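What follows is a short report on a single structure.
Bear in mind these aren't lab numbers, they're just calculated from the coordinates by the rules spelled out. Quick caveat: nothing in here was measured; it's all calculated off a predicted structure. Ideal geometry is used to build each Cβ from the backbone, glycine not excepted, and the neighbour counts take in all protein chains shown.
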Amino acid sequence: MSNQKNKKEHKLLNLIGGDKLILLGAIVVVFALFTCLNRNFLTWQNMVNLLVAASLVGIVAVGHTYLIIAGQNDLSPGSLAAFSGTLAALLLSFGMPAGVSIVITLLAGVTVGLFNAWMVNKIKLEAFIATLVTQSVIRGLAYIICDGKPIAISNKTFIALGKARFLGLPLTVWLMILAFVIFGFILARTKFGRSVYAIGGSSEAARLAGLNPQRIITLCFILIGVLTSLGGIIFAARMNSGQPAANINLEFDAITAVILGGVSFAGGVGSMFGTVLGVILIQAFNTGLIMVNVPTFWQYVARGALLLFALTSDYIRKQRREKELLEASMRNVK
Amino acid sequence: MSSVLEFKGISKYFPGVKALDNICFKAYGGEVLAFLGENGAGKSTLLKVLNGDYQPTKGEYLLDGVQKHFHSPHEAIQEGISVIYQERQILLELSVAENIYLGRMPSNRFGVIDTGKANKMAAEIIRDFGLPIQPTTKVKDLSIAYQQMVEIMKAYSRENLKVICFDEPTASLSDAEIDCLFEVIQKLKEQGKIIIYVSHRMKEIQQIADKVAIFKDGHYIDTVVTKEVPEQQLIKMMVGRDLGDIFNNLDREKEIGDVLLDVRNVSSDYVKEVSFTLHKGEVLGFSGLVGAGRTEVMRAIIGADKRKTGEIFLEGKKIENRSPKEAMDNGIVLVPEDRKMQGILSNLSVSGNINIALMDQNANRLGIIDPEKEKEAVEKGIRDFKVKTPSPDKKIVELSGGNQQKCIVARGIATNPKVLILDEPTKGIDVGAKSEFYNMICEFAKQGLGVILISSELPEVIGLSDRIIVMKSLRISGEVMREEATEDRLLQLGMIGEDTHE
């Protein structure tokens, strides 16, 4: 009897994904808590602000979702976003048209992705360490190309991009939503997406099954490079300037969001929908902390705590998966 | 008083495998008890449960009536239970004495290690064992056999040693060295230790073991006195049925056609100048010891390892096979030996595992996969290969080993290959599933595929192959037709390398 009931509950959970239900609960709790503490939290204007603030993290998190599922990681997006914004501003200051500046900057993002992939594939470095190298180098380059000073942007087309709105939402928010939808579909329904999961689970088995893990890893790094550059460009457009010191800890928030959303650090597991929820949760958390006047330094501590929470839940999920497997096999082998 | 080790209902489950199921029996001090069973019968797993490497899923064990539960091999050693493995667990750069007293070197009252004292103590043990080695010698300068002796002495040096287990200890020893080991075991036996001896070699078991405990597919079958039971019957108890019948009943009616695959002079970092041919409809066996290079030849052929020299022709056409993918597109697929790490994609479902090689067929020009085509393919695979799974969406790791293997073969066959390479396809699979695989292999050959079968089980290679290639030390050492194949002859070629047949 109770067994049957359990099964029904299981089906319901599976429909939304059991883990996602907990995540949705956490989002509700965070929203309720901050609304109690500050009446202005749950207002239309604040929600739009929240989405705008989330957009850059969200766009980068799309890339991290692919990379971490493929069993890799990237610590360079904070630097790359700042570099991209600065580079775009620099090119505009030379009098280049907005379109050309954007294309060149995106190509810089591709190059950084290729470089990261090269270190991982050819020098066989751990992605964590390899991208730490890039993080430092690119941040340095961001300062070098502008002599350490922010570059103001006066190109009208470019500034218009930062101000553009559609259905009440700024362009940057739409870009995030588009990235979620398009790359969510690619991850779930295409050859490329399937390959990402396969190599993240077991790279050698995937290779023997006819996949090319190195090529897939390269594509993932290029993807996060381009997305990050795009995010950095829009950020600069909103700020009307390219700032070499901007976006520090961007990867920290993006990775936290992705892990919160159910992607496993071990690779091979996760979904884009989870990342969407993770981004909403982390941004609500960050915005809320500011709105209830938590001192800046304590905000760092709180974010660390949130990452710890994400990692712990990743660990618990992994334990549970293994336990379920064990139980399933006990039923199987009679 | 002699010690008693009692296992009470020990079970150990892994995903997809019941490695041990309700094991109950006793081992007594002053006796050598051999564990006998096929690969995957659970012998090594039981040792790992005993010494705390694995935690039992159920059950308990008692040493002299006291229930024991260890969290690590280290704890077990401290309580007097040691396992000596095939792979040495010693530090090559340290001396014999330092290895024996590792982690508990005698020290003076200032906490400074007293090497002199350690050497003296070690010298006594060496004398007990009657070995011609010095306590100060670095272990890396000793032969494999003496390195193993150091490990045994390390266990022996614990005053409370009660149980000592040997897991395939003679795998890399010469005959003289084996005699030396047996003398030591005899001494330990006289001192009343409980001795457990795991080996595949029937001759050794007859020689050293007082009793034999027989295991089969994770079950404990019985313990018998070695002298009272003839070898043939021991084997029958361990295999559970006569394998000969299975092979005799196979449908081997077929036609062997033209040359399908022609491998000429292939070398890689791991194999040297290998040449052979494979015909349509032929089952070509690859025999030889583990490490002889059988797997590596296949990896070089399909482009999983880089080829340094050599050419490959398929149906007379030269092919390159720069990657496993290219080999697959050319019509050559490999079912790898290491199912867990190289075969299955452990995070994906049954459907994901079968369809991973079919993405080109299942997707449209934009790379979007058609779920209907995937469903069709997986259902065909499950039907054709009789995969036992509640649904195609079940995670593959939840299936039993045999069913996982069927999925990997189904994946390969779904790509419509001309050559199917099976590397130890029945390793760790129960007898029932094995005979299914044997029928499957014959069926593939009948359909005109060229099948390459790598197997360490001699009856399997002999029973299935039309022709057998034997490898030794990274080269082909001989070729035997089915009619002339005997276990002795294959062993001769695999171990000595020359054919003394004619």
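At a 10 Å Cβ-Cβ cut-off, how would you order B:333, A:52, fewest neighbours first?
A:52, B:333
Using a cut-off of under 18 Å, list every residue of the range B:362-392 whose amide N is near the label point 7 Å from the Cα of residue A:185 along the Cα-to-beta-carbon line.
Residues B:363-372 fall inside that zone.
So if I restrict to the alpha-carbon atoms in the range A:217-334, what is the Rg, and what is Dmax, the biggest pairwise distance, in Å?
18.3, 68
Provide, for q = 0.11, 0.12 Å⁻¹, the log10 of I(q)/I(0) from a solvent-free Debye sum over equal Cα point scatterers in the range A:86-214.
Log10 I(q)/I(0), no solvent term: -0.62, -0.72.
So how far apart, in nm, are the two label points at residue A:124 and residue A:93 if each is 7 Å from Cα heading toward Cβ?
Output for this residue pair reads 4.4 nm.
Just from the alpha-carbon atoms, what are the Rg and Dmax of the protein assembly as shown in angstroms?
31.9, 98
For the range A:11-114, build the convex hull from the C-alpha positions and give me its volume per residue in Å³.
171 Å³
If you place +1 on the Cβ of every Lys and Arg and -1 on the Cβ of every Asp and Glu, how big does the dipole about the Cα centre of the protein assembly as shown come out, in debye to the nearest 20?
3560 debye
What average number of partner chain Cβ atoms lie no more than 10 Å from the Cβ of the residues making up A:187-198?
The shielding value for this peptide is 5.
Most fluctuating residue of A:156, A:323, A:122 in a GNM of chain A with Cα springs under 10 Å: which is it?
Highest fluctuation among the options: A:323.
Starting from the Kirkwood radius over alpha-carbon pairs of the range B:1-98, derive D by Stokes-Einstein at 25 °C in a medium of 0.890 mPa s and give it in µm² s⁻¹.
167 µm²/s
Once the Cα gyration tensor of the range B:29-173 is diagonalised, what are the square roots of 5 times its eigenvalues, in whole Å and ordered largest first, as equivalent ellipsoid semi-axes?
After scaling each eigenvalue by five and taking roots: 28, 19, 13 Å.
Principal axes first, then extents: for the Cα atoms of the range A:193-258, list largest minus smallest coordinate on each axis, whole Å, largest first.
Dimensions of the range A:193-258 along the principal axes of its Cα atoms: 50, 21, 17 Å.
Compute the orientation-averaged projected area for the range B:49-123 from the convex hull of its Cα atoms and round it to one decimal in nm².
7.2 nm²
Provide Rg and Dmax in Å for the range B:318-380, with only Cα atoms included in the calculation.
Final numbers for Rg and Dmax: 13.2, 37 Å.
Considering just Cα atoms, how many Å³ per residue does the convex hull of the range B:373-429 enclose?
Looking at the range B:373-429, the number lands at 79 Å³ per residue.
Over all distinct alpha-carbon pairs, what is the Kirkwood Rh of the range B:81-147 in angstrom?
12.7 Å
Mind checking the full-extension length gain between residue B:219 and residue B:256? Use 0.36 nm per residue of separation minus the Cα-Cα distance, one decimal, nm.
9.2 nm
Could you tell me which residue out of A:266, A:278, A:305 lies farthest along the dipole of the range A:214-322 toward its positive end? Charges go on the beta carbon: Lys and Arg +1, Asp and Glu -1, centred on the Cα centre.
Of the listed residues, the answer is A:266.
Stretched out fully, how many nm does the piece from residue B:366 to residue B:179 gain, at 0.36 nm a residue minus the Cα gap?
Full-extension gain reported as 60.6 nm.
At q = 0.10, 0.12, 0.18, 0.21 Å⁻¹, work out log10 I(q)/I(0) for the range B:383-495 with the Debye formula, treating every Cα as an identical point scatterer and leaving solvent out; two decimals please.
Here the Debye-derived log intensity ratios amount to -0.34, -0.48, -0.96, -1.19.
If each DSSP helix of 4+ residues adds -39,500 (n - 2.57) and the sum is divided by the residues in chain B, what number results at 222 nm, nearest 500 deg cm²/dmol?
Per the formula, -10000 deg cm²/dmol.
Relative to the Cα centre, what is the charge dipole magnitude of chain B, using +1 at the beta carbon of each Lys and Arg, -1 at the beta carbon of each Asp and Glu, and rounding to the nearest 20 debye?
Approximately 1280 debye in magnitude.
What is the ratio of the Cα radius of gyration of chain A to 2.2 N^0.38 Å, with N the residue count, to two decimals?
For chain A, the normalised Cα radius of gyration is 1.04.
Please report, in cubic angstrom per residue, the volume enclosed by the convex hull of the alpha-carbon atoms of chain B.
Enclosed volume per residue, from the Cα hull, is 184 Å³.
Would you please classify the overall shape of the range B:182-301 from the alpha carbon gyration tensor, given that a ≥ b ≥ c denote the square roots of the eigenvalues, rounded means a/c under 1.5, and beyond that prolate means a/b larger than b/c while oblate covers the rest?
Since a/c reaches 1.5 but b/c is at least a/b, the shape of the range B:182-301 is classed as oblate.
Out of all Cα-Cα pairs in the range A:57-154, roughly what percent, to the nearest whole number, are more than 21 Å apart?
Across the range A:57-154, Cα pairs with separations above 21 Å total 36 percent.
Place a point 7 Å from Cα of residue A:240 in the direction of its Cβ. Which residues in the range A:88-104 have their backbone N less than 19 Å from it?
Once the point is set 7 Å along Cα→Cβ of residue A:240, A:88-95, A:98 turn out to lie under 19 Å by backbone N, inside the range A:88-104.
How long are the three semi-axes of the equivalent ellipsoid for the range B:247-374, computed from the Cα gyration tensor as the root of 5 times each eigenvalue, in whole Å, largest first?
So the three semi-axes of the range B:247-374 are 28, 20, 18 Å.
Can you pull the three principal axis extents for the Cα set of the range B:136-247, in Å, largest first?
So the extents along the principal axes, rounded to whole Å, are 56, 30, 25.
Obtain the nm distance between the two label points defined at residue B:317 and residue B:186 by a simple spin-label model: each point lies 7 Å from its Cα along the Cα-to-C-beta direction.
6.7 nm
In peptide B:6-15, how many Cβ atoms from other protein chains are near each Cβ within 10 Å, on average?
Taking the mean over all residues of the peptide, I get 2.
Farthest toward the dipole's positive end in the protein assembly as shown, which of A:255, A:164, B:67, given Cβ charges of +1 (Lys, Arg) and -1 (Asp, Glu) about the Cα centre?
Farthest along the dipole direction, towards plus: A:164.
Cα gyration tensor of the range B:240-299, axes a ≥ b ≥ c as square roots of the eigenvalues: rounded (a/c below 1.5), prolate (a/b > b/c) or oblate?
Oblate shape, in that a/c is at least 1.5 and b/c is the bigger or equal ratio.
Of the beta bridges DSSP finds with both residues in the protein assembly as shown, what % are antiparallel, to the nearest 5?
Among the beta bridges of the protein assembly as shown, antiparallel pairing accounts for roughly 60 percent.
Which of B:495, B:181, B:147 sits farthest toward the positive end of the charge dipole of chain B, with +1 on the Cβ of Lys and Arg and -1 on the Cβ of Asp and Glu?
Result: B:147, furthest along the dipole toward the positive end.
For a 19 Å ceiling on Cα separation, which of these pairs sit above it: B:26/B:427; B:340/B:427; B:380/B:434; B:18/B:203; B:12/B:43; B:154/B:193?
Distance filter (> 19 Å) returns B:26/B:427; B:380/B:434; B:18/B:203.
Within the range A:202-232, list the residues whose amide N lies under 20 Å from a label point set 7 Å along Cα→Cβ of residue A:114.
Once the point is set 7 Å along Cα→Cβ of residue A:114, A:213-231 turn out to lie under 20 Å by backbone N, inside the range A:202-232.
In nm, give the distance between the simple-model label positions of residue B:62 and residue B:473, each being 7 Å from the Cα along the Cα-to-Cβ direction.
The two pseudo-label positions are separated by 5.4 nm.
What does the charge add up to near residue B:389, with Lys and Arg as +1, Asp and Glu as -1, over the other residues with Cβ less than 10 Å from its Cβ?
Result for the local shell: +2.
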